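*Asks:* One structure coming up, written as structure tokens, with questions to follow.
Computed from the coordinates by the stated procedures, all read-outs in this text should not be read as laboratory data. As the structure is a computational prediction, the values presented were derived from the model and not from experiment. Here Cβ is always computed from backbone atoms with ideal geometry, including for glycine, and neighbour counts include all displayed protein chains.
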Amino acid sequence: MAFGTVLYETHDHIAWVTLNRPEKLNALNDVLRRDLIAALLAADTDDEVRCIVLRGAGRAFCAGADLSPSPGTPGGAFQARERTMREEIALRNRFRQPWMALWNITKPVICQVHGYCLAAGTHIATNSDIIIAAEDAQFGFPAVRNVGTPDTFMWPFYLRPQWTKWAMSTGDNLSGKEAERLGLVWKAVPADRLEDEVNALARKIARVSYEMLAASKEICNRAMELMGRRHLLQLLASEMDAIAGQSSAVKEFRRRVRDEGLRAALEWMNAPFREPQGR
Amino acid sequence: MPYENVLYKSDGGVAWVTLNRPQKLNALNTGLIDDLWSALREAENDEQTRVIVIRGAGRAFCAGYDLTPSPERYAEQDRAGGDAPNLRRDIQRLLGASKKWQELYHIPKPVICQVHGYCLAAGTDIALSSDIRIVAEDAQIGFPPVRNLGTPATHMWTYLVGPQWTKWVFFTGDNFDGKTAERMGWALKAVPADKLEEETDTLARRIARVSWEMLACTKEICNMATDLMGRDLLQHLAATNDAISHQSTAVKEFHRRSRTEGLRAALAWMNAPFQEKAESR
């Protein structure tokens with residue numbers, strides 16, 4: 001079964017939700033966003049499902065938002081007319097809907113990460129409950145260099161401020177193994193054991209009743225709400241990203257996407273960061 | 001002063017409060033909780049005492065609340081509406097329980113919790129309401145009741161170990177050992193079991209060199225940081241959340257089995273689906 005660009009199957013009280021735009025490394029466009037929300041809601045309302053697994057088809061979990069100016073991204077980041085600040089903020093609040101839907105799912109969500117998990121891909125992972133990753137997966141937010149800051153911001157709940165600031169100020173990636181050490185990822189395993197590991201945990205969780213699982217998830221999420229998750233870290237994050245969008249660096253990036261194409265613009269953005277990370 | 005269920009000694013600025021129902025793995029009943037509180041108040045009011053250590057006698061630190069069906073427990077359950085608890089009364093009952101551990105959090109002297117053997121369910125409420133946890137590497141820590149009995153009525157987990165570890169513990173009910181507790185940030189330090197007392201003693205004596213006023217101030221500002229993240233309100237939400245979970249058929253079934261077949265059978269029923277080896281964390 002499928003919701004357009006998202007594959008969906010259920011068995012043994014587990015729903016497997018698979019992002020399925022492998023040729024684009026599962027980059028998120030409006031269609032994939034919409035399909036993802038539909039699949040998550042289907043799993044949350046199916047009485048047989050107790051645990052949800054989110055993963056990506058092909059080489060990567062998710063490379064982030066699809067930045068290519070195409071018919072697939074109506075209302076996307078690159079349109080001709082200059083938007084007002086209020087419109088910019090509203091746009092980001094719309095982009096955020098899938099992560100909010102994910103956060104509001106009442107059942108445990110395990111995020112299975114292999115290959116790239118970049119930019120908006122990390123929004124999906126960090127709004128899930130437990131992240132299991134391949135040791136060689138790549139987590140990061142390269143967009144902070146010239147595209148924009150996170151429009152949802154869950155990193156501080158997983159990492160200490162120092163590591164969050166490092167990741168957000170360099171745009172450098174973390175491997176799955178490093179992400180486990182720092183707490184972004186619950187567990188990192190060799191890539192060929194990833195699915196087994198996720199399966200084992202999902203099956204174990206699925207032995208607990210829906211009511212108990214929902215209660216456990218609810219109180220932990222409430223703790224994060226009381227730390228300001230929604231107001232500080234989501235609504236303010238959108239505004240901050242909109243403000244960042246006013247900078248000449250971001251405008252230059254957009255101009256290059258328009259005039260020279262996405263590949264050339266990304267190349268321009270990442271060129272100064274080519275040398276080894278030196279950490 | 002001697003207590004029936006708690007051993008108490010004070011030495012070199014350190015008060016050692018030892019849960020002493022070893023034959024029940026220090027499971028908490030009214031008598032033990034009352035004695036624990038009398039001992040903690042004695043330590044709080046003793047001007048010679050600067051640091052408090054809580055630990056358990058025998059094989060375990062604390063196995064949680066004593067769930068043995070008894071007239072006392074039936075009466076408590078009946079007050080809350082029996083097998084179909086009245087939601088509001090259940091919330092009040094849980095708030096009462098949670099308030100005890102919150103008072104521990106507010107004691108104006110540093111509290112070290114020394115954990116060996118089992119530290120389960122309400123045992124973790126004591127540990128997490130203390131300030132610093134020193135654990136034996138082979139200790140077994142966890143909250144198995146999340147499977148069929150209830151969620152924690154106090155909630156310090158997310159503050160101390162973050163959402164991801166908390167959710168794993170709560171979703172599976174699996175235990176973790178002392179070494180993992182250190183890695184999670186649940187414990188300050190894990191040491192081999194035979195070094196545990198020495199390690200606790202060294203830290204306690206070191207803290208006891210600082211004056212009472214300084215310790216009270218540093219404890220308070222750290223607590224305030226957590227309180228600004230909504231700790232107090234979260235405890236109310238945790239009690240409500242736990243009470244709602246008590247309305248589920250899984251929890252009602254556990255209590256029915258406990259009454260008709262006995263506690264051991266009910267626990268076996270609850271844990272049967274989880275018997276194979278826990279994922280190696």
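*Asks:* Where does the protein assembly as shown land at 222 nm, in deg cm²/dmol rounded to the nearest 500, when only DSSP H runs of n ≥ 4 count, each adding -39500 (n - 2.57), divided by all residues?
*Replies:* That calculation yields -14500 deg cm²/dmol at 222 nm.
*Asks:* Provide the percentage of antiparallel DSSP beta bridges, counting only those with both residues in chain A; round to the nearest 5.
*Replies:* Antiparallel: roughly 30 percent of the beta bridges in chain A.
*Asks:* Taking Cα atoms, how many degrees apart are the long axis of helix A:210-226 and the longest axis of chain A, rounded to 10 and kept between 0 and 90?
*Replies:* Approximately 30 degrees, to the nearest 10.
*Asks:* A further question follows. Assign one of three labels to segment B:191-281, namely rounded, prolate or oblate, based on the Cα gyration tensor with a ≥ b ≥ c the square roots of its eigenvalues; rounded applies when a/c is under 1.5, prolate when it is not and a/b is larger than b/c, and oblate otherwise.
*Replies:* Cα axes put segment B:191-281 in the oblate bin.
*Asks:* Suppose a student asked you for the relative contact order of segment B:107-259, using Cα pairs under 8 Å spaced at least 6 residues apart; what percent would you report?
*Replies:* 29
*Asks:* Also, I was wondering about something else. Quick check: the angle from helix A:85-95's long axis to the longest principal axis of chain A, C-alpha only, nearest 10 degrees?
*Replies:* Approximately 30 degrees, to the nearest ten.
*Asks:* Could you work out how far helix B:87-106 tilts from the main Cα principal axis of chain B, as a 0 to 90 degree angle to the nearest 10?
*Replies:* So the helix axis and the longest Cα principal axis differ by about 20 degrees.
*Asks:* Which one, A:S238, A:S175, A:S216, has the greatest fluctuation when you compute a Gaussian network model over chain A with C-alpha springs under 10 angstrom?
*Replies:* A:S216
*Asks:* As I understand it, the dipole of segment A:2-271 uses +1 on the Cβ of Lys and Arg and -1 on the Cβ of Asp and Glu, about the Cα centre. Which of A:A188, A:M212, A:P150 lies farthest toward its positive end?
*Replies:* A:P150
*Asks:* Can you figure out the FRET efficiency of A:D196 with B:K9, using R₀ = 35 Å and their beta-carbon distance, to the nearest 0.05?
*Replies:* 0.10
*Asks:* In terms of the Cα gyration tensor, with a ≥ b ≥ c the square roots of its eigenvalues, is the protein assembly as shown rounded because a/c is under 1.5, prolate because a/b exceeds b/c, or oblate?
*Replies:* Here the protein assembly as shown falls in the prolate category.
*Asks:* Separate question: Is the shape of segment A:195-267 best called rounded, prolate or oblate, per the rule: a/c under 1.5 gives rounded, else a/b larger than b/c gives prolate, else oblate, with a ≥ b ≥ c the square roots of the Cα gyration tensor eigenvalues?
*Replies:* Note, shape of segment A:195-267 comes out oblate.
*Asks:* Here is a further query. Taking the highest mean first, how do the peptides A:46-54, B:207-215 order by number of other beta carbon atoms within 10 angstrom per residue?
*Replies:* Put in order of decreasing packing, that is A:46-54, B:207-215.
*Asks:* Run the reach check for B:K179 against aspartates and glutamates, Cα to Cα strictly under 13 Å, same-chain hits fewer than 8 apart removed. What comes back?
*Replies:* Cross-link targets: B:E137, B:D138.
*Asks:* Ok, one more. Which lysines does B:K109 reach when only Cα atoms under 25 Å apart count, and residues fewer than 8 places away in its own chain are ignored?
*Replies:* B:K9, B:K99, B:K100, B:K189, B:K195, B:K219
*Asks:* Enumerate the whole-percent occupancy of each 10 Å bin, from 0 to the last occupied one, for all C-alpha pair distances of segment B:6-274.
*Replies:* 7, 30, 37, 20, 6, 0
*Asks:* Of the listed peptides B:36-44, A:263-271, what is their order by residue-averaged count of other C-beta atoms within 10 Å, with the highest listed first?
*Replies:* Packing order, densest peptide first, comes out as B:36-44, A:263-271.
*Asks:* Moving on. Under unit Cβ charges (Lys, Arg +1; Asp, Glu -1), what dipole magnitude, rounded to 20 debye, does segment A:2-271 have relative to its Cα centre?
*Replies:* 640
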